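Data first, discussion second: the structure below is written as structure tokens.
Bear in mind these aren't lab numbers, they're just calculated from the coordinates by the rules spelled out. Values in this document were obtained by computation on a predicted structure and should not be read as measured data. Please note: Cβ atoms are built from the backbone with ideal geometry, for glycine as well, and neighbour counts cover all protein chains shown.
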């Protein structure tokens, strides 16, 4: 899978119109300079030779050097990755925790006024554009009330002893709240509706009727019996959502000037920075493949009936 | 209807096709549909809107004009590498300190030596212009050079190889509760986004950092490589140069205590005493000589190589003097070379250069863990897409008044304003949003916000491909340029933050600009444009503009 993605991205960028050397256009730009840049980018070689070198480097864990930043691609990606991971994981955890509880409750409260208000509200936040949600929260909680910062992942010039110290600092978490909240609001619709729909199915199952007949409390029926069974598709969606969100936070990252992987990818594509764009795509694809695998394993663990070799 | 009216109507109806046939018989072919290239609205909203206005006016002249937005890369690819193919394109030159001297623009934009592969992508070829462009290059007498640069602008006005549109007006702001208002320094054509301001801004309270926004990230911090404007803001501060472009746009000695010119091809620079690099090593004349030799060695620094090609030799004549021998006299040498090349440590870079000469990559790929210069600020760190932090160099002779200089990358304009109001940043140096928003904020918070406005060195223009008729005809180009309503464009597309342009030398460069030339576009309006076309033999038949008599349309339509 990763080989196919690596090959596709390699070809895709080279087939796109545009010459990466033209990023450097200025009045002193000359043909001599263009050729020198082509050589330094390795684009003077035939395509098959470029491909061979690229795959060989990839096998050695070398993603190449960014055309524009002149730094190893892996260094750039690893610098942006923690910010993206923090944003994605925190938003997904909040969204799924809220979605699971609210979805389970709404299934139980079917036909009530609460459901009549909550379902449209969940659909509206799910359908609202991320940038709009982000700007509303920025205008309200940052520009208006002044509670949260307007941009970035840390206060300007703040010093930390290590990357871990930065990621666990109060300053980082304070900066994380608004972008994570926006992303969580955007993401919560799926787990909420999924949980509610699955719960409605499960609540009609015979074992729930049996639990009622046994005189178990409402809470025990919903949380201990129904919710556990309804969680299966939600858990799968969580793992898949984690993989998808790693590369899909471009809008949130732009609204909040969040220094993550999405912005790296966009600027690399805009600047025809082939090595950086390829590296970012491969990394995102790698996370997606990994999360697919995690989803499969998680499903088998949560429901042993679907695992290979399970007794039927 | 009475009989007479019926007769008149019948006569005119039958006569009309004959009149058109007569008109067509004396005319050339209709001009093919023309394509105006532009960047997409999302990427360059002002330029796109300007292109729409231009297309609208050109259509009034009987032209079929299609606006073709293209992504940045594809646009550059067509304009630069497929020079025979396109008709007209929106383009811009941005303001940079070294453009304070007109030479780079005068020579590179329109000299015929640059037609095939250089910046003269419109293909303008005029021996008279070439002669003057060369003459201003070697003229050492300032008043005479100014006169030549004016003549150059006059020729450009006559021939209109570009339809110049506007010079943007920079709108910037800083927090005057943090910095003494009088300490802010404006540089001609750049505003407060300049070297002098960064060393001069004086904090008045506890907040002692300059925190400035940038909409674009810094890509690299390397003295032999520049990949965008924010990169050069940083290199400007970390590395010293022999000279600097001063606030008035003229070169002035910096690391060189004095700069003298015994003859037109010899320049002596006396290095300031006691200079040190950030690691404590002294800055020597050997470092200076190496800094000017390295870009010329092989293809190790493609960005800087063109600037040292006129240097025949550079040598140390004593412990503090460096002598430059030039191949040809160069009036712009001080700005375009002495104020541009960074002084690097030979001890650091000579081994790197030797190593890279045996590698496929060049010197641009070398990343110093912590860049070492001798400039007024020391490099602390850079976090991708977030910020660059520099700290004041206490041993510099021009020690900055602020403690740190921090560039924050903020991609959202509204968030930039919010961050400024909240004190997360204290200088807005890169503002592309609605000017009324920032000005309105300054009015309501007048005790906090100081606004600075000034015409930029850069300009926006339509490049017309002179290789392709009808743009090969100067009269046609003049008419196209005349049809553009620059005042309206400045108001509508740039929200009033621009002034009309008709020259490659901005009014911000008072010493070089030809005063009043922006009001002298030949024709000057749509009626004048029609008159110019009429005088040149073009005719509108059935609403379509036709070439002068006998001219056939043989140029393919841009696909």
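Values for this structure:
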quantity: Inter-chain Cβ neighbour average for residues A:63-74, partner chain, 10 Å; calculated: 4
quantity: Degrees separating the helix B:435-444 axis from the principal Cα axis of chain B, which is the longest one; calculated: 60 degrees
quantity: Net length gained if the chain between residue B:59 and residue B:432 were fully extended (0.36 nm per residue, minus Cα distance); calculated: 131.3 nm
quantity: Degrees separating the helix B:413-422 axis from the principal Cα axis of chain B, which is the longest one; calculated: 40 degrees
quantity: Calculated Rg and Dmax of segment A:123-261 using C-alpha coordinates, Å; calculated: 20.0, 63
quantity: Tail beyond 47 Å, pair distance distribution of chain B (Cα, percent); calculated: 19 percent
quantity: Taking chain B and dividing mean pair separation by its residue count, relative contact order in percent (alpha carbons under 8 Å, at least six apart); calculated: 25 percent
quantity: More than 22 angstrom apart: percent of Cα pairs within segment B:29-161; calculated: 49 percent
quantity: Segment B:207-271 and segment B:354-376: distance between their alpha carbon centers, rounded to Å; calculated: 18 Å
quantity: Per-selection metrics, segment B:441-516 (Cα): Rg and Dmax in Å; calculated: 17.1, 57
quantity: Residue A:296 paired with residue A:205, simple spin-label distance in nm, labels 7 Å along Cα-to-beta-carbon; calculated: 2.4 nm
quantity: At 0.890 mPa s and 25 °C, Stokes D of segment A:213-312 from Kirkwood alpha-carbon radius, µm² per second; calculated: 150 µm²/s
quantity: Cα pair distances exceeding 28 angstrom across segment B:261-394, given as percent; calculated: 22 percent
quantity: Estimated distance in nm for a label pair at residue A:270 and residue B:183, the labels positioned 7 Å out from Cα along Cα-to-Cβ; calculated: 3.4 nm
quantity: Protection proxy ranking of B:505-515, A:50-60 - average other beta-carbon atoms within 10 Å, highest first; calculated: B:505-515, A:50-60
quantity: Residues B:538, B:356, B:48, sorted so that the one with the fewest Cβ neighbours within 10 Å comes first; calculated: B:48, B:356, B:538
quantity: Listed peptides B:459-468, B:546-555 by packing density, highest first (mean Cβ within 10 Å); calculated: B:459-468, B:546-555
quantity: Alpha carbon Rg of segment A:67-175, scaled by the compact-globule rule 2.2 N^0.38 Å; calculated: 1.44
quantity: Contact order normalised by residue count of segment A:178-238, Cα under 8 Å, 6+ apart, percent; calculated: 43 percent
quantity: Nearest-ten-degree value, helix B:3-25 long axis tilted from longest Cα axis of chain B; calculated: 50 degrees
quantity: Average silhouette area of segment A:152-210, convex hull of alpha-carbon atoms, in square nanometres; calculated: 6.4 nm²
quantity: Average beta carbon contacts from partner chains per residue of B:307-319, 10 Å cutoff; calculated: 0
quantity: Segment A:104-163 versus segment A:245-280: alpha-carbon centroid distance in Å; calculated: 22 Å
quantity: Cα centroid of segment B:98-118 to Cα centroid of segment A:1-20, whole Å; calculated: 36 Å
quantity: Other protein chain Cβ atoms within 10 Å, averaged over every residue that makes up A:147-154; calculated: 6
quantity: Cβ-Cβ FRET estimate between residue B:204 and residue B:147, R0 fixed at 60 Å, reported to 0.05; calculated: 0.85
quantity: The protein assembly as shown: Rg to Rh, with Rh as the Kirkwood radius over Cα pairs; calculated: 1.04
quantity: By average C-beta atoms within 10 angstrom, highest first, the peptides B:444-455, B:518-529; calculated: B:518-529, B:444-455
